Amino acid sequence: MALDGIVIANLVKELRDTIEGGHISKISMPEKDELLLTVNNNSKSYRLLISSSASLPLMYLTDVNKKSPLIAPGFCMLLRKHIGSGKITDIRQSGLERIVCFCARQLNELGDPCEKRIYVELMGKYSNIIFTDDHDMIIDSMKHVPGSVSSLREVLPGRKYFLPEQLRKLDPLSMNEKDFENIFSGSRDSSFDMPVGKALVSMLSGISPVVSEEICHLADISSAASAKELSDTERARLTRIISLMTEDIRNGNFKPAVILRNNEPVEFSSLPLTCLETDGYSVRHYDSVSRLLSDYYARRETVSRTRQKNADLRKLTSNLLERCVRKYELQSRQLKDSEKKEKYRIYGDLLNTYGYELKGGEKELKCNNYYEDNKEIIIPLDEHLSASQNARHYFGRYDKMKRTEEAVSTEIRKTNFEITHLNSIISSLDFASEENDLNQIREELTDYGYIHKKIMSGKKTRIISQPMHFVSSDGFDIYIGKNNYQNEDLTFKFASGNDWWFHAKGVPGSHVIVKSENRELPDRTYEEAAALAAYYSKAGQNEKVEVDYLQRKSVKKTPGSPPGFVIYHTNWSMVIRPQKDIS
């Protein structure tokens, strides 16, 4: 989600507590749309990162010092000139709008104190950083907006800074419960001819869709209900909830938290989101909203980058697999064609036997085929060749097809093996949850020639990623490989001979190891490990999956095979429902 006015209010409170009253010691622009201010205050140094990126506008305190370009951009040089050693005298938010104003005071060329202002607008694709004097006349901005681009407001040097009336909404912080009652009682009926959730977002500044959903949830009203058709009781509950929420904002009672689903951040807020505190979601609380934003965006960036890498590797592997399948089909046809070779050998033998009957110039030979109960057979001939020459011609075709059959049989085994290998890699991509998992899969593709190796000096360092780990209901450690290299290491380096090994039968999947510690496994542990092996396999979405299991000492490495490929002969099997984790 994007920053909303409530999170901005939380951030402004934190900035007032940390950098207000401090002196700016450094100004840099790591990116063309990023500003990094270093502020010294109360014997501490703080870094404030501000981004006006259209796709990801943000602002928070950070410990990371980004590298600056060798030549500072003009906007950066301008800020250094006017406020490079200035004191931040005030930090304020425009109501609950996503706009923060930083006031900085510095002595001018005449030695007189002079105030300048930085307006940070974090409004999606309209985000900008605007530098003005103390009368709000624009000195410069990170993004220039001429009248040809926006008819509502020009953002150019020399123009007056203002927020267009069309963008202004009602400020909840300047309203009391009575004001909210007047709004919801019908004084703005035309604006309320829409669902309640949408009406709250369109009328009140700082209210994002998820906060609107939370308000409706607390008021026990469906966000999809018509705002005009609310009962008096529902309106009273709605106004009371909004009033209490704005009171918390005024008093600075913020509780920053990130909402996660499957360990992936999906929302963040500075107020509790009880509407999302349901099954499948978890909450991570923070003491600092800057830390929340830093972790959230870093995690989202990691998730986004991991997804993109996964998609790229999946596309590459799928293309390789499709090419192998086409090659296998072609080789299968060649192999089938080579089955005709016996016919040409028989032709040659029969010509050597009955060729004496030919006088020359014949186009065919009719004779009895002693290979098939003396049935009559017709052998096509080249009229320009003798019987012996025709026989040698057919023996030559037989020899060629025999060589082709031997070569194609070898190649078809290789191709079939490649198909199995690539299918196992695609299965691994389904369970790759971290960037290192994908790097390890890419390393495998490179090691086996599917991706060209980059020539690098020095010794190659093996990429390491960690397998999944569960603890069974009876206290036994269960480890699950997420790719072929992990499977190989788990089975042949990590597991001891008496540990138990599980794998879905006949399909690509993870190796599952149960550390027995030389103890007898309870039936429940066998079932839990088998359920995990079933889920983390190509058949994981099936209703029931057959799983093989045996002690690790009976699992052998397939000679000359890729990592994770094994053979075994003595095992037990069970049919079980796949299970993602142990609950």
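The values are calculated or read from the model by the stated rules, or taken from the named source; none is laboratory data. Being a predicted model, the structure only gives us computed values, none of them experimental. Here the Cβ positions follow ideal geometry from the backbone for every residue, glycine too, while neighbour counts run over all protein chains shown.
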Working only within the stretch 197-234, note down all residues that are surrounded by 20 or more Cβ atoms within 10 Å (Cβ to Cβ), at pLDDT below 85 and not in a loop (DSSP other than H, G, I, E, B). 227
If you go through the stretch 316-336 one residue at a time, do you hit one that is surrounded by 17 or more Cβ atoms within 10 Å (Cβ to Cβ) and basic (Lys, Arg)? no
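Condition (residue is farther than 30 Å from residue 396 by Cα and either of a type in the set (S, T, N, Q) or in contact with a helix residue (DSSP H, G or I) (Cβ under 7 Å, 6 or more places away or on another chain) (or both)) applied to the stretch 324-336: is it met by at least one residue?
Residues of the stretch 324-336 farther than 30 Å from residue 396 by Cα: 324-325.
Still in the list and also either of a type in the set (S, T, N, Q) or in contact with a helix residue (DSSP H, G or I) (Cβ under 7 Å, 6 or more places away or on another chain) (or both): 324-325.
Within the stretch 324-336, one or more residues are farther than 30 Å from residue 396 by Cα and either of a type in the set (S, T, N, Q) or in contact with a helix residue (DSSP H, G or I) (Cβ under 7 Å, 6 or more places away or on another chain) (or both).
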Looking only at residues that are surrounded by fewer than 19 Cβ atoms within 10 Å (Cβ to Cβ) and polar (S, T, N, Q) in the stretch 37-55, which one is farthest from residue 88 (Cα to Cα)? 55
Which of the numbered conditions does residue 376 fail, given that it passes all the others? Conditions: (1) free of Cβ contacts under 8 Å to residues at least 60 places away in the same chain; (2) surrounded by 15 or more Cβ atoms within 10 Å (Cβ to Cβ). (2)
Checked pairs for the stretch 60-78, first under 22 Å from residue 7 (Cβ atoms), second among the aliphatic types (A, V, I, L, M) and not in a helix (DSSP H, G or I), C-beta under 6 Å and 6 or more apart or across chains, list as 61/48; 62/49
Need a quick list: strands (runs of 3 or more DSSP E) entirely within the stretch 249-307 having at least 3 residues that are without any contact (Cβ under 8 Å) to a residue 40 or more places away in the chain and in contact with a strand residue (DSSP E or B) (Cβ under 7 Å, 6 or more places away or on another chain). 257-261, 281-285
Restricting attention to the stretch 3-30, report how many residues are assigned to a loop (DSSP other than H, G, I, E, B) and surrounded by fewer than 16 Cβ atoms within 10 Å (Cβ to Cβ). 1
Does residue 410 meet the test of being of a type in the set (S, T, N, Q), exposed (fewer than 13 other Cβ atoms within 10 Å of the Cβ), over 36 Å from the mean Cα position of the chain (by Cα) and under 19 Å from residue 329 (Cα atoms)? yes
With the structure loaded, tell me whether residue 255 is charged (D, E, K, R), under 30 Å from residue 168 (Cα atoms) and touching a His at 6+ places or on another chain (Cβ under 8 Å) or whether it fails that test. yes
Condition test on residue 367, is it at pLDDT 90 or above, surrounded by 12 or more Cβ atoms within 10 Å (Cβ to Cβ) and in a helix (DSSP H, G or I)? no
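Would you mind stating whether residue 493 is touching a Gly at 6+ places or on another chain (Cβ under 7 Å) and either more than 21 Å from residue 419 (Cβ to Cβ) or outside the structural domain of residue 432 (by TED's automatic domain parsing) (or both)? Please lay out each step first, then the result.
Details: touching a Gly at 6+ places or on another chain (Cβ under 7 Å): no; either more than 21 Å from residue 419 (Cβ to Cβ) or outside the structural domain of residue 432 (by TED's automatic domain parsing) (or both): yes.
No; evaluated as a whole, the condition is false for this residue.
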Of all strands (runs of 3 or more DSSP E) fully inside the stretch 508-582, the set with 3 or more residues that are more than 27 Å from the chain's Cα centre (by Cα) and of a type in the set (Phe, Trp, Tyr) is none
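State yes or no: is residue 83 in contact with a strand residue (DSSP E or B) (Cβ under 6 Å, 6 or more places away or on another chain) and in contact (Cβ under 8 Å) with a residue 60 or more places away in the chain?
Details: in contact with a strand residue (DSSP E or B) (Cβ under 6 Å, 6 or more places away or on another chain): yes; in contact (Cβ under 8 Å) with a residue 60 or more places away in the chain: no.
It is false that residue 83 is in contact with a strand residue (DSSP E or B) (Cβ under 6 Å, 6 or more places away or on another chain) and in contact (Cβ under 8 Å) with a residue 60 or more places away in the chain.
Can you tell me which residues in the stretch 370-392 are in a helix (DSSP H, G or I), out of contact with any Phe, Trp or Tyr (no Cβ under 9 Å at 6 or more places or on another chain) and under 21 Å from residue 338 (Cβ atoms)? So that I can check it myself, show each step before the final result.
Of the stretch 370-392, the ones in a helix (DSSP H, G or I) are 387-392.
Checking which are out of contact with any Phe, Trp or Tyr (no Cβ under 9 Å at 6 or more places or on another chain) leaves us with 388-389, 392.
Result: 392, single match.
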Residues of the stretch 258-270 being closer than 16 Å to residue 208 by Cα and either surrounded by fewer than 20 Cβ atoms within 10 Å (Cβ to Cβ) or touching a helix residue (DSSP H, G or I) at 6+ places or on another chain (Cβ under 6 Å) (or both), in sequence order, are 258, 259, 266, 267, 268, 270
Could you list, in sequence order, the residues of the stretch 277-296 that are of a type in the set (Phe, Trp, Tyr) and surrounded by fewer than 17 Cβ atoms within 10 Å (Cβ to Cβ)? 281
Out of (1) within 29 Å of residue 251 (Cα to Cα); (2) in contact with a Phe, Trp or Tyr (Cβ under 9 Å, 6 or more places away or on another chain); (3) at pLDDT below 90, what's the single condition that is false for residue 153? (1)
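Residue by residue, here is whether (1) in contact with an Asp or Glu (Cβ under 8 Å, 6 or more places away or on another chain); (2) among the hydrophobic types (A, V, I, L, M, F, W, C) holds:
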| site | (1), (2) |
| --- | --- |
| 3 | no, yes |
| 10 | no, no |
| 25 | no, no |
| 28 | no, no |
| 53 | yes, no |
| 92 | no, no |
Filter the stretch 49-77 for residues that are in contact with a strand residue (DSSP E or B) (Cβ under 6 Å, 6 or more places away or on another chain), aliphatic (A, V, I, L, M) and closer than 15 Å to residue 128 by Cβ and give the result. 50, 58, 59
Going through the stretch 123-162 in order, the residues found to be within 37 Å of the chain's Cα centre (by Cα) and either within 30 Å of residue 247 (Cβ to Cβ) or outside any strand (DSSP E or B) (or both) are 123, 124, 125, 126, 127, 142, 143, 144, 149, 150
